[in-house]
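K.L.:
What follows is a single structure, and I will ask about it in a moment.
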Amino acid sequence: MPKAIIDVADVKVSFGAVKALDGVSLAIMPGECVGLVGHNGAGKSTIVSVINGGLSPHQGTILGEGELIARFGINAARARGVRCVFQELSLCPNLTVLENTRILHRHLGGLGWRKRAKQVIERSLDTMFPGHGIASDRIVGDLSIAERQMVEIAMAFSDGGIPPRLIILDEPTSSLDASLAEQMLAHVLRFVASGGSVILISHILHEIITTASRIVVMKDGRIVAERPAEAWTENGLVEAMGSVVKGEAHRRAIRDLAEAPVVVEQIGHGIPFRAKRGEIVGLAGLAGHGQTDMLMKLHASSGADWLPRRDPAVTFVAGDRRLNGVFELWSILKNFSVASLGDLASRGVVNADAEVQRAGEWKQRIEIRTPNMANRMLSLSGGNQQKVLFARALATRAPVVLMDDPMRGVDVGTKQEVYEIIRQEAAHGRTFVWYSTEMEEVCLCDRVYVFREGAIVAELAGDAVTEENILASSFTGVAA
Amino acid sequence: MRRTVSADAIRLAIPALSLAILLGAVFWLQPRAMSYIGLNLLFNLAVPIALATIAQMLIMSVNDLDLAMGTFVSFVACVTATFLSEEPFFGVLILAGAVAVYAMLGVVIHLRNLPSIVVSLGMSFVWAGLAVLLLPAPGGQAPEWVRTVMTMKPPVAPMAIVASVVIAVVAHFIVMRSSLGVLIRGVGGNQRSVERAGWSVLAARAAAYALAGVFAVLAGISLVGLTTSADANIALRYTLLSIAGVILGGGEFIGGRISPIGAVIGALTLTLAGSFLSFLRISPDWQIGAQGAILIIVLALRLLLNRLENRDKRR
């Protein structure tokens, strides 16, 4: 019996309180294409990072060819022919195609490397995408998105010293049109037939069913189902990704908002977006399918261009705290009040007493756990930092709150508290537009728009807001 | 298939064009500059500036900025005028040590994730202090061989032009053609992808800084070769001149988009702008402002062309 190229056993990875992988075992045999499906946060990207050596698991073993690999890392993985095509662009945009080839293949060096790199990448591009028309001396930044993705895929399949043996494709067809995607998948089948292995991640289920030889379904950091591809149907996959509906305990009461006026509106391709006064509108679907863009558009269309407005129309709660939420060097108080300084100031001077008083009220209301609001922001736990960001947004007079997956990495207790505050504020007439990657949160919303490939493909309201419906729309593009 | 005369060609065309226009204007104002000696005088001081610009460009290629360039070149000039001419062995040792310090800075900046601006600003005081310790008052003497090289009279073109071409070609080879250059620019373009390919970004950054150190040392030595003696403040202007030269030559502050040939042309343009203003009889008081105006015009031109180019791409 042939030995597995990579065999991960009982791998566990956790980020803070979040268990990204909870005991996953997966063996990739030569000559098979493993399809990997799951919703946001199921652990797909984490297991991929473990296999390509970018992340060392906190527990568990990794075997290559049946031998235990003690120090598994990027270089060990590459030496075994493991390659990865990432969802986001992972080429250097300032370099030419062949210079990128040089970066990827460490052993191409020495005099005349340009000629060798050109051969390596052009051979691969020619076999995968005949008639591609991409010159290898073009700068990657000048290529179209589809061309970049073609280069990136061809680069992973190219042979520059170490032949590729296991290729991980994370949403490889997202920017390719149908005929290019077909060419690529045909090449995957050829590669697998010649003894190579592929891990294929895609949100287009029929691609997976027709290409993969075995399909693994992940959910909440575990593998929940694993069968040969012939045994699956699209509906079967969608069902397997979902779970038995968790207790209905914190389900919202259905509210009648038919009479309420529309406060924000955005009409693009797909179903138009509208949110009414006092409504909690969820944006769902797989991560990166246009939800954040929608929030940005809403913000841009209702925010001021140049001069700040006296009465803000929208306010924003950022998801990536570190990147665009928190002022790390400021105190909690300053972090809280920065969005409402206009209200706290008279004639351009901030009224320090009013600032402290308002912060005190909010500290009590949302229970920010700190002895003193003058402490540094980073003295708070992640969850409490997020609460401060919520308080910052809610303390403004803006009638619409946009939220960009704000609960990432927040503990369960804090989440429940924030849900309660959101419900209260909504009852008082505030509108919330809430992008979340967590199913549980999306199910709290009055109405949900499901995104797929940059457009809204489904609108679910009231009792139709269920996990099955959302999964069905985000994977197959039709409302169930 | 689309033509490959791409963004890069346009990027290089603008600095080349501005240099040509300035040169034309100078010749028109002062026809006698159109000679072997005239050209040499015009571009003499461009050689050390071009070297310093290449050094700055290497730092900028990994998305950093070196604010110590001017004081470092001054320090090297002081070492050259003292140790390198009196005790060459010691002098070489000191300069090698200085290059090693540059590589170290790259390591520290990468490991501690420090902003390069802050580190290099701090280092600028260190270099300035060392320079003053070496030469409290202007003086020293250029080593004979440096003097000989810098005042050579090659046939056909004057030394300043020949040296600029050599600098451009060598830098182009290192940065644009060699594997190391690709790696350094790759770090500037997308550090994560370089890491994922299994390279050491730390080593790449250290190499970029060390190379920058080498070019800056050459800048200091060539400067003393021209001026025959040194002073602790001799090259303070080089910090901003080198940054302006890189940008003028089509480089960007971030993203690893740089052009060595453009950088040399940028340095030549900046030097020429000074002479041009003197020929116009603009008083030295106004010259710095006028030089700034020239810079703004050229950069505005580039912005305009970039925008046109982007519009084409979107179509």
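Bear in mind that the values in this text are calculations on the coordinates, not laboratory data. Nothing here was measured: the structure is a model prediction, and the numbers come from that model. Quick reminder, even Gly has a Cβ in these numbers, built from the backbone with ideal geometry, and neighbours come from all protein chains shown.
K.L.:
Let me make sure I get this right: for segment B:156-315, a, b and c are the square roots of the gyration tensor eigenvalues over alpha carbons, sorted descending. Under 1.5 in a/c it's rounded, otherwise prolate if a/b > b/c, else oblate. Which is it? All intermediate terms of the calculation are to be shown ahead of the outcome.
P.N.:
Values: a/c = 2.11, a/b = 1.29, b/c = 1.63.
Oblate.
K.L.:
Follow-up question, since we're still on this one. Just check chain B against the gyration tensor rule for me: Cα atoms, a ≥ b ≥ c as the square roots of the eigenvalues, rounded for a/c under 1.5, and otherwise prolate or oblate depending on whether a/b exceeds b/c.
P.N.:
Details: a/c = 1.71, a/b = 1.05, b/c = 1.63.
Oblate shape, in that a/c is at least 1.5 and b/c is the bigger or equal ratio.
K.L.:
Can you give me the Cα centroid spacing of segment A:358-387 and segment A:145-168 in angstrom?
P.N.:
A separation of 48 Å, based on Cα centres.
K.L.:
Which aspartates and glutamates, if any, have their Cα less than 20 Å from the Cα of A:K297, not counting same-chain residues under 8 positions apart?
P.N.:
The qualifying aspartates and glutamates are A:E265, A:E279, A:D305, A:D311, A:D320, A:D404, A:D405, A:E453, A:E459.
K.L.:
Using θ = phi - 60° and the Karplus relation 6.51 cos²θ - 1.76 cosθ + 1.60, list the HN-Hα couplings for segment A:435-446 in order, rounded to whole Hz, with x at every Gly or Pro.
P.N.:
For segment A:435-446, the Karplus-derived couplings read 8, 9, 9, 9, 4, 4, 6, 4, 5, 7, 7, 6 Hz, x marking Gly and Pro.
K.L.:
In addition: When the expected Rg is taken as 2.2 N^0.38 Å, what fraction or multiple of it is the alpha-carbon Rg of the protein assembly as shown? Write out the running numbers ahead of the final one.
P.N.:
Numbers: Rg = 30.9 Å, N = 795, 2.2 N^0.38 = 27.8 Å.
Normalised by 2.2 N^0.38 Å, the Cα Rg of the protein assembly as shown equals 1.11.
K.L.:
Karplus couplings for segment A:449-457 from phi (6.51 cos²θ - 1.76 cosθ + 1.60, θ = phi - 60°), rounded to Hz, Gly and Pro as x?
P.N.:
9, 9, 9, 8, 6, x, 10, 7, 10
K.L.:
Taking the Cα centre of the protein assembly as shown as origin, work out the dipole magnitude from +1 charges on Lys and Arg Cβ and -1 charges on Asp and Glu Cβ, in debye rounded to 20.
P.N.:
On the way: 72 positive and 67 negative charges, 344 e Å.
In debye, rounded to 20, the protein assembly as shown gives about 1640.
K.L.:
Going by how many other Cβ atoms sit within 10 Å of their own, how do A:H428, A:H289, A:H58 line up, fewest first?
P.N.:
Values: A:H428 8, A:H289 22, A:H58 13.
Ascending number of Cβ neighbours within 10 Å: A:H428, A:H58, A:H289.
K.L.:
Which length gain, in nm to one decimal place, applies between A:D411 and A:E440 when the Cα-Cα distance is subtracted from 0.36 nm times their residue separation? Display every interim value, and only then the final one.
P.N.:
Values: separation 29, 0.36 × 29 = 10.44 nm, distance 1.36 nm.
Additional length available on full extension: 9.1 nm.
K.L.:
How far apart, in nanometres, would the label points at A:S144 and A:Q357 be if each is projected 7 angstrom from Cα along the Cα-to-Cβ direction?
P.N.:
Label-label distance for A:S144 and A:Q357, simple model: 6.1 nm.
K.L.:
Name the residue, out of B:S278, B:S120, B:S74, whose mean-square fluctuation peaks in a Gaussian network model built on chain B with Cα pairs under 10 Å.
P.N.:
Answer for the Gaussian network model of chain B: B:S278.
K.L.:
Next up: Hey, fewest Cβ within 10 Å first, where do B:I117, B:I261, A:I51 land in order?
P.N.:
Working: B:I117 12, B:I261 20, A:I51 24.
Ranking B:I117, B:I261, A:I51 by Cβ neighbours within 10 Å, fewest first, gives B:I117, B:I261, A:I51.
K.L.:
Need one value for A:128-139: mean number of C-beta atoms belonging to other chains within 10 Å of its residues' C-beta atoms.
P.N.:
On the way: counts 0, 0, 0, 0, 0, 2, 2, 5, 0, 2, 5, 6.
Across the residues of A:128-139, the mean count of other-chain Cβ atoms within 10 Å is 2.
K.L.:
Over the C-alpha atoms of segment B:28-132, what are the Rg and the largest Cα-to-Cα span, Dmax, in Å?
P.N.:
For segment B:28-132, the Cα radius of gyration and maximum Cα-Cα distance read 17.2, 55 Å.
K.L.:
Here is a follow-up. I want the local charge near A:M377. Using Cβ-Cβ distances under 10 Å, sum +1 for each Lys or Arg and -1 for each Asp or Glu among the other residues.
P.N.:
On the way: positive: A:R321, A:K334, A:R376; negative: A:E328.
Here the count lands on +2.
K.L.:
Additional query: For A:R447, what charge total do you get from the other residues with a beta carbon under 10 Å from its beta carbon, if Lys and Arg give +1 and Asp and Glu give -1? All intermediate terms of the calculation are to be shown ahead of the outcome.
P.N.:
Working: positive: A:R274, A:K276; negative: A:E279, A:D446, A:E459.
Combined, the nearby Lys, Arg, Asp and Glu give -1.
K.L.:
If I stretch the segment between A:R369 and A:D177 completely, what's the gain in nm (0.36 nm per residue apart, minus their alpha carbon distance), one decimal? Can you show the working numbers first?
P.N.:
Working: separation 192, 0.36 × 192 = 69.12 nm, distance 5.11 nm.
Difference between extended and current length: 64.0 nm.
K.L.:
Shifting gears a bit: Given 10 °C and 1.306 mPa s, how large is the Stokes-Einstein diffusion coefficient of segment B:224-283 in µm²/s, with Rh as the Kirkwood radius over Cα pairs? Write out the running numbers ahead of the final one.
P.N.:
On the way: Rh = 13.1 Å.
In µm²/s, the coefficient is 122.
K.L.:
Using only Cα atoms, locate the centre of segment B:60-95 and the centre of segment B:148-197, then give the distance between them in Å, rounded to an integer.
P.N.:
If we compute the Cα centre of each part, the gap is 19 Å.
K.L.:
If you don't mind, another one. Compare the Cα positions of A:Q364, A:Q386, A:N351 along the charge dipole of segment A:331-397 (+1 at Cβ of Lys, Arg; -1 at Cβ of Asp, Glu; about the Cα centre) and return the one farthest towards the positive end.
P.N.:
Farthest towards the positive end: A:Q386.
K.L.:
Okay, moving on. So what J values fall out for segment B:228-235 if you push phi through Karplus, 6.51 cos²θ - 1.76 cosθ + 1.60 with θ = phi - 60°, rounded to Hz, Gly and Pro as x?
P.N.:
6, 9, 10, 7, 5, 10, 5, 10
K.L.:
So which of A:K44/A:K334; A:K44/A:K115; A:K12/A:K387; A:K118/B:K153 end up more than 31 Å apart by C-alpha? All intermediate terms of the calculation are to be shown ahead of the outcome.
P.N.:
On the way: A:K44/A:K334 38 Å; A:K44/A:K115 37 Å; A:K12/A:K387 29 Å; A:K118/B:K153 42 Å.
Cα-Cα > 31 Å for A:K44/A:K334; A:K44/A:K115; A:K118/B:K153; rest within.
K.L.:
Work the Kirkwood hydrodynamic radius out for segment A:131-192: mean of 1/r over every pair of different alpha-carbon atoms, inverted, in Å. Write down the numbers at each step before the final one.
P.N.:
On the way: mean 1/r = 0.0796 Å⁻¹.
By the Kirkwood definition, the hydrodynamic radius is 12.6 Å.
K.L.:
Please report the projected area of segment A:6-241's Cα convex hull averaged over all directions, in nm². Could you put the intermediate results ahead of the total?
P.N.:
On the way: hull surface 51.5 nm².
Orientation-averaged projected area of the Cα hull: 12.9 nm².
K.L.:
Once both labels are modelled 7 Å past Cα along the beta-carbon direction, what's the B:A20-A:H58 spacing in nm?
P.N.:
Once both label points are built, they end up 6.4 nm from each other.
K.L.:
Same structure, new question: What is the set of long-range amide H partners of A:V198 at a cut-off below 5 Å, with H atoms built 1.01 Å from backbone N?
P.N.:
Correct list: A:E32, A:C33, A:V34, A:I167.
K.L.:
Tell me which DSSP H helices of chain B clear both cut-offs, 30 Å or more of axial length from alpha-carbon atoms and a mean Kyte-Doolittle hydropathy of at least -0.5. Display every interim value, and only then the final one.
P.N.:
Values: long enough: B:7-29 (34 Å, 1.84); B:88-111 (34 Å, 2.19); B:201-227 (39 Å, 1.88); B:284-314 (45 Å, 0.15).
For chain B, where a helix must reach 30 Å along its axis and average at least -0.5, the hits are B:7-29, B:88-111, B:201-227, B:284-314.
K.L.:
Quick check: convex hull over the Cα atoms of segment B:1-80, volume per residue in Å³, rounded to an integer? Spell out each step's value before the answer.
P.N.:
Values: hull volume 12.8 nm³, N = 80.
Hull volume normalised by residue count: 161 Å³.
K.L.:
If you wrap a convex hull around the Cα atoms of segment A:331-397, how much volume per residue is inside, in Å³? Display every interim value, and only then the final one.
P.N.:
Numbers: hull volume 4.9 nm³, N = 67.
Roughly 73 Å³ of hull volume per residue.
K.L.:
Within segment B:195-221, which residues have the backbone N less than 17 Å from the label spot 7 Å out from B:L111 along Cα→beta-carbon, could you tell me?
P.N.:
It comes to B:200-210, nothing else.
K.L.:
Post the alpha-carbon centroid distance, segment B:24-41 to segment A:257-287, in whole angstrom.
P.N.:
Here the two parts' Cα centres lie 69 Å apart.
K.L.:
Could you give the nm distance between label points at A:E230 and B:L133, where each point is 7 Å from its Cα heading toward the beta carbon?
P.N.:
The two pseudo-label positions are separated by 8.0 nm.
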